[in-house]
Amino acid sequence: MSGMRPTGRLHLGNYWGALKNWVSLQDKYQCYFAVADWHMLTTGYDDTAGLVDNTREMVLDWLGAGVDPERSVVFRQSDVPEHAELALLLGMITPLSWLENNPTWKEQLQELAKTKREKMLAETKGGTAVKTEESTEAREELRTHGFLGYPVLQSADILIYGAEVVPVGQDQLPHLELSRDIARKFNSLYGGAVLTEPKPLLTETPKLPGLDGRKMSKSYGNAIDLLETAESLSKKVMTAYTDPTRLRATDPGHPEPCPENPPGCTVFALHKLYNPDWKTREDECRAGKIGCVGCKKILLPPIESAFAAFRERRASYAADKTRVEQVLEAGRKKAKATAERTLEKVRRAMKLR
Ligand code: TRP
Ligand code: SF4
């Protein structure tokens, strides 16, 4: 079981960090993949206009990348209200201290308060006099029941399907640990092994910097999306960050992250992922035997062919306007059946029935 918040079109960081792994896990496991739209509300409750479109775009990216709705259950969290019932019940046994000490909560609160504050200041064209007041306000705006309870809802997502493994990145480990703690506490309180303790399946993410050498992120505007045209892809590759210490093609380059080029060359990171012959590029770069423009041109055909395959499969799903709805509806039915079975056990264990 895994989920993603519907942020819209996905980028290469999302692909190599999670989606690619989802696709291959389908060969080994019965998978449940959720569009976590309720999780989106935990921080974005004041900006919900894009939820439906972003869900569609993201699901199309999943399908284009090879998530197979015949084998896997692809669904939207808010279509299965059983998640909310389980989250409510789990909330009864989750100590506040577990949530308040969650490192993700502390970090995100700071991070998000900062962005909200910047937004507010930009809107008010800020005077310093109101600054402290506003920063408290931005922080308060995010100190909500829903946001603090983020990992409880996520635990419900996972535990409701009896998930054995959850493919996640490093950043999600504290949340998963909490799911395990909650499952354990539930079982010890109400007896038996009603809830399964899920194990994390850590995705080994190859390091993939964005077009400017910083971490690839939608908000930095430095991302290569999964859905690029041949033209936009080539334009992005040709302007990508390389190695600022190289002034001439004969200067020895630093393709990997190192003190001379801390982020490492973005183009080289892409060669490693898309060009089986990347080792030759590395040798030529270090020896000053290739220019960055030439090196970028060599990357274009292999990366474009991977993108073309994705684009075609995505388009075949997008051509039918109701296809995504059908996929989500079929997923809803399957997810609901499993979720309802778990909840019946949970209600009985808690003596509600
Ligand atoms: N919190 C996850 C993220 O931000 C998304 C998510 C929601 C999730 N429910 C989940 C991940 C269940 C794994 C399992 O990426
Ligand atoms: Fe990067 Fe290639 Fe330039 Fe080396 S030659 S810095 S690998 S683009």
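Every read-out reported here was derived from the displayed coordinates using simple, explicitly stated rules and does not represent laboratory data. Please read all numbers here as calculations on a predicted model, not as lab measurements. All Cβ positions, even for glycine, are placed from backbone atoms using ideal geometry, and neighbour counts span all protein chains on display.
Among the listed pairs 116/336; 116/235; 199/334; 185/336, a Cα-Cα separation exceeding 27 Å is found for 116/336; 116/235.
What you get for the stretch 15-80, charging only the Cβ of Lys and Arg (+1) and of Asp and Glu (-1), is a dipole of about 300 debye around the Cα centre. Taking the charge dipole of the stretch 228-316 about its Cα centre, with +1 at Lys and Arg Cβ atoms and -1 at Asp and Glu Cβ atoms, the residue from 310, 240, 298 reaching farthest to the positive side is 310. A simple spin-label model places pseudo-atoms 7 Å from Cα toward Cβ; at residue 353 and residue 49 they are separated by 4.3 nm. Using a Förster distance of 25 angstrom, determine the FRET efficiency expected from the C-beta separation of residue 322 and residue 70, and round it to 0.05. Efficiency for this residue pair is about 0.90.
Charge dipole (Cα centre; +1 on Lys/Arg Cβ, -1 on Asp/Glu Cβ; no other charges) of the stretch 218-303 amounts to roughly 120 debye. Between residue 330 and residue 185, the modelled labels are 3.9 nm apart [label points 7 Å from Cα along Cα→Cβ]. Measuring between their Cα centroids, the stretch 38-68 and the stretch 250-285 lie 34 Å from each other. Springs between Cα atoms under 10 Å define the GNM used for the chain, and in it the highest mean-square fluctuation of 197, 282, 111 occurs at 111. The helix-based estimate of mean residue ellipticity at 222 nm for the chain, built from -39,500 (n - 2.57) per DSSP H run of four or more residues and divided by its residue count, is -17500 deg cm²/dmol to the nearest 500. Of the options 8, 108, 59, report the single residue whose Cα projects farthest towards the positive end of the charge dipole of the chain (beta-carbon charges: Lys, Arg +1; Asp, Glu -1). The one lying farthest along the dipole's positive direction is 59.
Name all residues of the stretch 154-192 having a backbone nitrogen under 18 Å from the label point set 7 Å from the Cα of residue 341 along its Cα→Cβ direction, giving them as ranges. Zone members listed by number: 157-165. Suppose a student asked you for the relative contact order of the chain, using Cα pairs under 8 Å spaced at least 6 residues apart; what percent would you report? In percent, rounded to a whole number, it is 22.
Across the options 338, 254, 285, the greatest Cα extent toward the positive end of the charge dipole of the stretch 251-339 (unit charges at beta carbon of Lys, Arg, Asp, Glu) belongs to 338. About its Cα centre, the dipole of the chain is roughly 460 debye, where the only charges are +1 on Lys and Arg Cβ and -1 on Asp and Glu Cβ.
On the basis of the beta-carbon distance and an R0 of 25 Å, residue 251 and residue 215 show a calculated FRET efficiency of 0.40.
For the stretch 183-224, the residues whose backbone nitrogen is under 17 Å from a point 7 Å from the Cα of residue 239, taken along Cα to Cβ, are 210-214, 216-224.
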